[in-house]
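Student: For reference, the structure I am asking about is given below.
The values are calculated or read from the model by the stated rules, or taken from the named source; none is laboratory data. Model, not experiment: these values are computed from the prediction. Positions of Cβ are generated from backbone atoms using ideal geometry, with glycine treated the same way; all protein chains shown enter the neighbour counts. These area figures cover heavy atoms from the full protein model, side chains too; ligands, DNA and RNA do not enter into them. Shrake-Rupley method; radii C 1.70, N 1.55, O 1.52, S 1.80 Å.
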6 protein chains.
Amino acid sequence: MPIVELHVIEGYSTQEKQRLGVTLTNAVRFVVPAAPELVTVVIHDISDQNYYRGGKSRLPARAKQDPEHIVRAFLSEMSDRAFESARKRLSSDFVMQFPGTAPMRDLEDLRSWAANRYSRIAKTYEGFDAMQSDGDAAIVYCRGTLSGEWTDGSQFEGIRFIDRFEIQNDLITRQDVWNDIAETRAQA
Amino acid sequence: MPIVELHVIEGYSTQEKQRLGVTLTNAVRFVVPAAPELVTVVIHDISDQNYYRGGKSRLPARAKQDPEHIVRAFLSEMSDRAFESARKRLSSDFVMQFPGTAPMRDLEDLRSWAANRYSRIAKTYEGFDAMQSDGDAAIVYCRGTLSGEWTDGSQFEGIRFIDRFEIQNDLITRQDVWNDIAETRAQA
Amino acid sequence: MPIVELHVIEGYSTQEKQRLGVTLTNAVRFVVPAAPELVTVVIHDISDQNYYRGGKSRLPARAKQDPEHIVRAFLSEMSDRAFESARKRLSSDFVMQFPGTAPMRDLEDLRSWAANRYSRIAKTYEGFDAMQSDGDAAIVYCRGTLSGEWTDGSQFEGIRFIDRFEIQNDLITRQDVWNDIAETRAQA
Amino acid sequence: MPIVELHVIEGYSTQEKQRLGVTLTNAVRFVVPAAPELVTVVIHDISDQNYYRGGKSRLPARAKQDPEHIVRAFLSEMSDRAFESARKRLSSDFVMQFPGTAPMRDLEDLRSWAANRYSRIAKTYEGFDAMQSDGDAAIVYCRGTLSGEWTDGSQFEGIRFIDRFEIQNDLITRQDVWNDIAETRAQA
Amino acid sequence: MPIVELHVIEGYSTQEKQRLGVTLTNAVRFVVPAAPELVTVVIHDISDQNYYRGGKSRLPARAKQDPEHIVRAFLSEMSDRAFESARKRLSSDFVMQFPGTAPMRDLEDLRSWAANRYSRIAKTYEGFDAMQSDGDAAIVYCRGTLSGEWTDGSQFEGIRFIDRFEIQNDLITRQDVWNDIAETRAQA
Amino acid sequence: MPIVELHVIEGYSTQEKQRLGVTLTNAVRFVVPAAPELVTVVIHDISDQNYYRGGKSRLPARAKQDPEHIVRAFLSEMSDRAFESARKRLSSDFVMQFPGTAPMRDLEDLRSWAANRYSRIAKTYEGFDAMQSDGDAAIVYCRGTLSGEWTDGSQFEGIRFIDRFEIQNDLITRQDVWNDIAETRAQA
């Protein structure tokens, strides 16, 4: 039964408004236990000539890219070893934290480090969770299982993992990785 | 510059409206790159005698508890070994998934399993992320480091962990845990 | 899915707002084929100190009485032969039009005229329809069946009737009556 | 002074919105004794890409036909003996109730029945009243006078009548007729 | 933080809406001590087919001309001795009141009167203030300094002046003038 | 026909809202040629617990005093020679500009200067105009006529004057005065 009205300056695409429709619906449902179909979101596009702040008209800010899409694209490029494309998605102060090693800043370092651990790895996704933090960063979680080949040529699969990404200005600023690789090896 | 108006039936507490204020602000900022102080949220409390659906007045649904509070309380009770209290926060179909073991449904099973791994453990929190999923569940992530004592009496600390919780109807339905314990032991 | 917002100056009772909730819902459904429970009506009570027309605050007009209630009360009083009470519900220019006679203005005339037709009559209601006309008058229809006793002492029942009332300023200005009495007598 | 805002998904014609403007104005005036020119109705057309329920965009439902137009067309076709056209306006469960006869379901039955009563009949309209009921049906009343020729060739005119119609899904489901024909004949 | 929403029938130009944006912002700031950039004005253009008063759609009234522009143009035409153009900006009941003389109604009278005072005069503007009065007239103030040549050929400059104009129906109905000419001459 | 909705945080007095009602009405009428009684202003008081900017609730700013009241009080105190009270209404950087003298900053200077010009003076008001400038200052104009006694004991009256005041933070920062005193004396 809750109704959300969003007033924004005209200029967002259908897809961007769709994202707003979903995220505002979920924002309400975070507190109010309404079934989704009882939450109505109405977006009021305001022509820039109809919006004034301090008596001055304003232009709409370009929408942020969908942070989940950024992460999916990055993971796909990493999987395809398209490192040059993947690197373009990273902020200049990007940091990644993998299990059992110091923080790394360069995809090249990651490659070297991984080369000692497995000769091939692939991710099967179980789910993504994405949200805006109170700060500037959007947060994207990706979880699922890893499969691949150890450096000794033996195979593995079904190893649980979760990645946490922070995105600012459409660039990935941080990646934190947890997984059961060590657990699996310990049990092997 | 975006303005969000939320119309809900009167009856939510100041704290619940504060949560709506924050979550709606972040929902907008998930798509629109506005600084937080440029996002205005106005909540219109509608007296139940002023709201009609199908010509009938309606009562407001009781707000959901803050899922992050539920998780913090659960973790605190587990830490204090207040298992009876902790158990009351679990849904009847609760499942938990820890590294290197099969899914467990009972806190007693967790205790037995853990007893073989460490004699004492404590969590230091680095951050929580909470959001409503598209489905019924709210998702809460908690990450930080573990410290404690192995079963051989030696100490550990600074071991990275992340927990993912699903909450429905104010009860925890699922907990997934990842950490670097095995990695740490392998390196030890 | 339609949403109606009504802004009125504060001062209407819960019952009056309930009537507005129903009548606005039906107004929308007169054109838009929405199921009732998909029509939301929100009434915004505006404190008289928050409403200005021509820069001047205004007082709310007292609500009209429910015209269907006025008609029901009038019919009940007529049935109870409480003519004095019934007469207070009539406008000074009240006219009534019954089958087969000239327009009458006085309940006394009606009594005399009816005395030649039946010695006792009662109405069983099948339904009321009430609405505001484009003009000043509200219209109320009442339909059902008549039962009673002819002047010769024989009984009748199930004779179809319909009454149409016009109400202005909470007073009945006009009553038009149609029924199957003559038809029934012709067939007798 | 009341202000009505209606939010609907874009797609209604000027004529359909005009009907909403009138019916919402009258709905308010059914309770609030405001002169018509003090009731403002504002319709907010919401682009389907700006409306979300349950996070999903929706298409507007096609407007209902004006039920008064349906009844006027039906009566005109009946008057012109265009029975085939008239029949298309009837629901499959259509019932009509005329004075002094059992309910009829077929226009052919009506013709046969009427042939014994008059050789020609025409309606002069004094007024129509139309409204949405609380249920699915719209209600249309039509009243005025009948003129024509009895089966014996004599003429009649000025006989009061009223018809009540129920319309669902743009089809007539029910017609109830009252008139003074028997009264007139009895007095003849 | 105040938000102003203005609902008007569609048809005003960008420039007219810009004027509304500024004047509404200042109207709020006349009472609420908000910094200009914290006052948001949103104009809702309502298509004439979406606006009904008394159930009838309405056409937007043509905007008033900017009264400050009218005054600036008049003053410029007077300065250029384009009296024919200037005269077209005056209402038929125009009155002007200058220091030390009776009210005048005709620009020709002003010319004759001024010819005895100075042979040439020019205005340097320091500022304009414009506002709507509670009545029909808009008020425009113009202040600054006068320079020119006395009838004896000597020069003057820096003489303070202020003009007050009333504008109705886009025509100047009244001009009141104050200045320090006499003061200056007295001191000379 | 225009409708203005103002959303402000709850806390303004009836009188302050009355001022907003008038000033917003006039702001609209500055551009739109609507009769005052066709301009509706609705103020939505938003409880501070229902208003969030940047996810934080806010307190309403205390309303500005009515600048016309400040000027009227100041003029009244000056007239009553209540200089101490009058001085409290002046900003620390107050400047006043009278005809034929340098700018003055102190009421004492004004007194000395005036003592050479007249022994007694009183103002009869014809009208006040007040408005918010685009900047921080409110502007108040006061015009009318002066009467009193010259230093030689002779009387004067009907001398036109106009004062312009600037008010910031409820204090007068500037007073500019024009009048026909010199003109009158020159003609004497």
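Student: When segment D:135-187 is examined, which residues are found to be within 11 Å of chain C (Cβ to nearest Cβ) and assigned to a loop (DSSP other than H, G, I, E, B)?
Tutor: Here is the first cut: in segment D:135-187, the ones within 11 Å of chain C (Cβ to nearest Cβ) are D:135-141, D:143, D:159-164, D:166-170, D:176-187.
Correct list: D:Gly135, D:Asp136, D:Ala137, D:Asn169, D:Asp170, D:Asp180.
Student: Quick one: would you say C:Val42 is more than 14 Å from chain F (Cβ to nearest Cβ), in contact (Cβ under 8 Å) with a residue 12 or more places away in the chain and of a type in the set (A, V, I, L, M, F, W, C)?
Tutor: Numbers: more than 14 Å from chain F (Cβ to nearest Cβ): no; in contact (Cβ under 8 Å) with a residue 12 or more places away in the chain: yes; of a type in the set (A, V, I, L, M, F, W, C): yes.
Answer is no for this residue.
Student: Mind listing just one residue for me: the one in segment E:35-74 that is more than 25 Å from the chain's Cα centre (by Cα) and among the acidic types (Asp, Glu) and, of those, farthest from E:Gly127 (Cα to Cα)?
Tutor: The residue in question is E:Asp48.
Student: Can we say D:Tyr52 is outside any helix (DSSP H, G or I), open to solvent by less than 10 Å² (accessible area, probe 1.4 Å) and of a type in the set (Phe, Trp, Tyr)?
Tutor: Numbers: outside any helix (DSSP H, G or I): yes; open to solvent by less than 10 Å² (accessible area, probe 1.4 Å): yes; of a type in the set (Phe, Trp, Tyr): yes.
So D:Tyr52 fits the description; yes.
Student: Name, by its number, the condition in (1) surrounded by fewer than 20 Cβ atoms within 10 Å (Cβ to Cβ); (2) touching a Ser or Thr at 6+ places or on another chain (Cβ under 7 Å); (3) within 14 Å of chain E (Cβ to nearest Cβ) that does not hold for A:Pro36.
Tutor: Failing condition for A:Pro36: (3).
Student: Let me ask another. What's the number of the only condition in (1) over 30 Å from E:Asn50 (Cα atoms); (2) under 19 Å from the mean Cα position of the chain (by Cα); (3) assigned to a helix (DSSP H, G or I); (4) not charged (D, E, K, R) that D:Thr124 fails to meet?
Tutor: Failed condition: (3).
Student: Could you tell me whether segment E:146-161 includes any residue that is surrounded by 20 or more Cβ atoms within 10 Å (Cβ to Cβ), of a type outside the set (A, V, I, L, M, F, W, C) and free of Cβ contacts under 8 Å to residues at least 24 places away in the same chain?
Tutor: yes
Student: Hey, can you tell me all the residues within segment B:16-29 that are more than 9 Å from chain F (Cβ to nearest Cβ) and either closer than 18 Å to A:Pro33 by Cβ or surrounded by fewer than 20 Cβ atoms within 10 Å (Cβ to Cβ) (or both)?
Tutor: To start, the set of residues in segment B:16-29 that are more than 9 Å from chain F (Cβ to nearest Cβ) comprises B:16, B:19, B:27-29.
Residues satisfying the conditions are B:Glu16, B:Arg19, B:Ala27.
Student: Being over 15 Å from E:Ala122 (Cα atoms) and part of a helix (DSSP H, G or I) narrows it down to one residue among E:Glu108, E:Glu77; which is it? Before you say what the answer is, go through the steps one by one.
Tutor: Details: E:Glu77 fails: over 15 Å from E:Ala122 (Cα atoms).
So the residue among E:Glu108, E:Glu77 that is over 15 Å from E:Ala122 (Cα atoms) and part of a helix (DSSP H, G or I) is E:Glu108.
Student: Of the residues that sit in segment F:85-105 and are under 19 Å from the mean Cα position of the chain (by Cα) and not in a strand (DSSP E or B), which one is farthest from E:Arg143 (Cα to Cα)?
Tutor: F:Ser85
Student: Say we look at segment C:164-185 and pick out the residues that are of a type in the set (D, E, K, R) and touching a residue at least 40 places away in the same chain (Cβ under 8 Å); which of these is least open to solvent (accessible area, probe 1.4 Å)?
Tutor: Initially, segment C:164-185 is screened for residues of a type in the set (D, E, K, R), giving C:164, C:166, C:170, C:174, C:176, C:180, C:183, C:185.
Then keep just the ones that are touching a residue at least 40 places away in the same chain (Cβ under 8 Å); that gives C:170, C:174, C:176.
On the way: C:Asp170: 35, C:Arg174: 78, C:Asp176: 11 Å².
Top of the filtered list is C:Asp176.
Student: Shifting gears a bit: Do you know which residues across segment E:121-131 are touching a residue at least 12 places away in the same chain (Cβ under 8 Å), open to solvent by less than 70 Å² (accessible area, probe 1.4 Å) and closer than 28 Å to E:Lys64 by Cα?
Tutor: Scanning segment E:121-131 gives E:Gly127, E:Phe128, E:Asp129, E:Ala130.
Student: Give the residue that is nearest to the other protein chains (Cβ to nearest Cβ), with candidates limited to residues of segment B:99-120 that are open to solvent by less than 20 Å² (accessible area, probe 1.4 Å) and in contact (Cβ under 8 Å) with a residue 24 or more places away in the chain.
Tutor: Among those that are open to solvent by less than 20 Å² (accessible area, probe 1.4 Å) and in contact (Cβ under 8 Å) with a residue 24 or more places away in the chain, it is B:Pro99.
Matching residues to (1) of a type in the set (Val, Ile, Thr); (2) farther than 25 Å from D:Val22 by Cα; (3) in the same structural domain as D:Arg174 (by TED's automatic domain parsing):
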{"position": "D:His44", "(1), (2), (3)": "no, no, no"}
{"position": "D:Asp48", "(1), (2), (3)": "no, no, no"}
{"position": "D:Val71", "(1), (2), (3)": "yes, no, yes"}
{"position": "D:Phe74", "(1), (2), (3)": "no, no, yes"}
{"position": "D:Phe83", "(1), (2), (3)": "no, yes, yes"}
{"position": "D:Ala86", "(1), (2), (3)": "no, yes, yes"}
{"position": "D:Ala102", "(1), (2), (3)": "no, yes, yes"}
{"position": "D:Trp113", "(1), (2), (3)": "no, yes, yes"}
{"position": "D:Tyr125", "(1), (2), (3)": "no, no, yes"}
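Student: Is it the case that A:Ala34 is modelled with pLDDT under 95 and not assigned by TED's automatic domain parsing to the domain that holds A:Asp136? So that I can check it myself, show each step before the final result.
Tutor: Working: modelled with pLDDT under 95: yes; not assigned by TED's automatic domain parsing to the domain that holds A:Asp136: yes.
Against the criterion (modelled with pLDDT under 95 and not assigned by TED's automatic domain parsing to the domain that holds A:Asp136), A:Ala34 qualifies.
Student: Scan segment D:71-84 residue by residue and report those that are in contact (Cβ under 8 Å) with a residue 12 or more places away in the chain and either of a type in the set (Val, Ile, Thr) or farther than 17 Å from D:Glu166 by Cβ (or both).
Tutor: Across segment D:71-84, the qualifying residues are D:Val71, D:Glu77, D:Ser79, D:Phe83.
Student: If you don't mind, another one. Could you figure out which of (1) part of a strand (DSSP E or B); (2) farther than 22 Å from D:Leu24 by Cα; (3) not hydrophobic (A, V, I, L, M, F, W, C) isn't true of E:Asp45?
Tutor: (2)
Student: In segment F:1-15, what count of residues is obtained for those that are part of a loop (DSSP other than H, G, I, E, B) and more than 7 Å from every other protein chain (Cβ to nearest Cβ)?
Tutor: Initial filter on segment F:1-15 (part of a loop (DSSP other than H, G, I, E, B)): F:1-2, F:10-13.
Among the residues that remain, those that are also more than 7 Å from every other protein chain (Cβ to nearest Cβ) are: F:10-13.
Residues that pass the stated criteria total 4.
Student: From the list C:Arg160, C:Arg164, pick out the single residue that is within 30 Å of C:Arg62 (Cα to Cα) and among the basic types (Lys, Arg). Reasoning before the result, please.
Tutor: Working: C:Arg160 fails: within 30 Å of C:Arg62 (Cα to Cα).
Going through C:Arg160, C:Arg164 in turn, the sole match is C:Arg164.
Student: What are the residues in segment D:130-188 that are among the aromatic types (Phe, Trp, Tyr) and over 30 Å from D:Ser92 (Cβ atoms), if any?
Tutor: Let us first name the residues in segment D:130-188 that are among the aromatic types (Phe, Trp, Tyr), namely D:141, D:150, D:156, D:161, D:165, D:178.
Across segment D:130-188, the qualifying residues are D:Trp150, D:Phe156.
Student: Looking at D:Arg164, D:Arg174, D:Arg143, D:Arg160 in this structure, which one is of a type in the set (D, E, K, R) and in contact with a Pro (Cβ under 8 Å, 6 or more places away or on another chain)? Write out each step before concluding.
Tutor: Working: D:Arg164 fails: in contact with a Pro (Cβ under 8 Å, 6 or more places away or on another chain); D:Arg174 fails: in contact with a Pro (Cβ under 8 Å, 6 or more places away or on another chain); D:Arg143 fails: in contact with a Pro (Cβ under 8 Å, 6 or more places away or on another chain).
Going through D:Arg164, D:Arg174, D:Arg143, D:Arg160 in turn, the sole match is D:Arg160.
Student: Now a separate question. Quick check on this structure: which one of D:Lys123, D:Lys64, D:Lys88, D:Lys56 is more than 14 Å from chain E (Cβ to nearest Cβ) and closer than 30 Å to C:Ile181 by Cα? Step through it out loud before you land on a result.
Tutor: Values: D:Lys64 fails: closer than 30 Å to C:Ile181 by Cα; D:Lys88 fails: closer than 30 Å to C:Ile181 by Cα; D:Lys56 fails: closer than 30 Å to C:Ile181 by Cα.
Result: D:Lys123 is the single residue among D:Lys123, D:Lys64, D:Lys88, D:Lys56 that is more than 14 Å from chain E (Cβ to nearest Cβ) and closer than 30 Å to C:Ile181 by Cα.
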